[in-house]
Amino acid sequence: MIIKAKSSLHPLKHVAIIMDGNNRWAKQRGLSGVAGHKAGAERIRDILPTARNQGVETVSLFAFSSENWLRPAIEVRGLMSLFSTYLKQEAKLLRDDGIKLRVIGSKERFSDRLNRQIKDAERLTQSGELNLNLYMDYGGRWEIAQVAQKIAENIEDGSLSSKDISAENIDSYFTHQGLTPPDLCIRTAGEQRISNFMLWQMAYTELYFTDCFWPDFDKNAFEHAVEDYYSRQRRFGSRLTKQESNNN
């Protein structure tokens, strides 16, 4: 089912997803937390073609936050192993499906082997048309601090004046690699917060919360979120124009 995208002034091009509920899903079934994360990883495979069918060009997934390092060591090891396995098993499939993988985050605490796998997977899929951004070892505050450091360095080397700093100028540091702000952010499993994800970019992102655990978030659930997005009136802080009112 293709939902009303062609008639919208603000078509859904970038969807961000906070994939929550893997542990609770597993606990309900008497399974280990790692089994829940594995089921969640498999869900990614199902969501991507659905997103493409809806005209989405970029899917950004919050997979492992900088705060997740505080989880039990056995769970962290399991997640790192799962991520490594995902890269090995999925990279060629992503390439064949025309999906460009990018892993975004610090990555400083990843092993050298895992970082090599990331680079190999990104290189293998670089010609893809549908963008898949995996946010790993990532936090919104960390990213803002990285941008602040770059701005300070540019001021120090004379390529930027402090008088030139503006919201638009700062935004360019976030979007210089083509990482445009999400139109819609979906969070599963009932929590209603963005948990330090893309803090700068989501100033005007539409938020969608669902009680569904991520491993159960199927095609129908995704389409329902898309339908909800197109039922809204996006104002970006201003009033609707006459054309926008007629379209809604």
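Here are the numbers:
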item: Cα-based equivalent ellipsoid, the stretch 171-231: semi-axes from gyration tensor eigenvalues, Å; result: 24, 13, 10
item: Of Lys119/Lys219; Lys100/Lys219; Lys13/Lys119; Lys100/Lys150; Lys150/Lys219, those spanning more than 32 Å from alpha-carbon to alpha-carbon; result: Lys150/Lys219
item: The chain, relative contact order [Cα under 8 Å, separation at least 6], %; result: 28 percent
item: Fluctuation leader among Thr125, Thr188, Thr175 - the chain, Gaussian network, Cα springs under 10 angstrom; result: Thr175
item: Whole-Hz ³J(HN,Hα) from phi, Karplus 6.51 cos²θ - 1.76 cosθ + 1.60, for the stretch 195-204, glycine and proline x; result: 6, 6, 10, 6, 4, 6, 6, 9, 4, 10
item: Overall Cα dimensions of the chain, principal axis frame, Å, largest first; result: 53, 51, 34
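Taken together, the values in this text are just the output of simple stated rules run on the coordinates, not laboratory data. Since this is a predicted model, take the numbers as computed values, not measurements.
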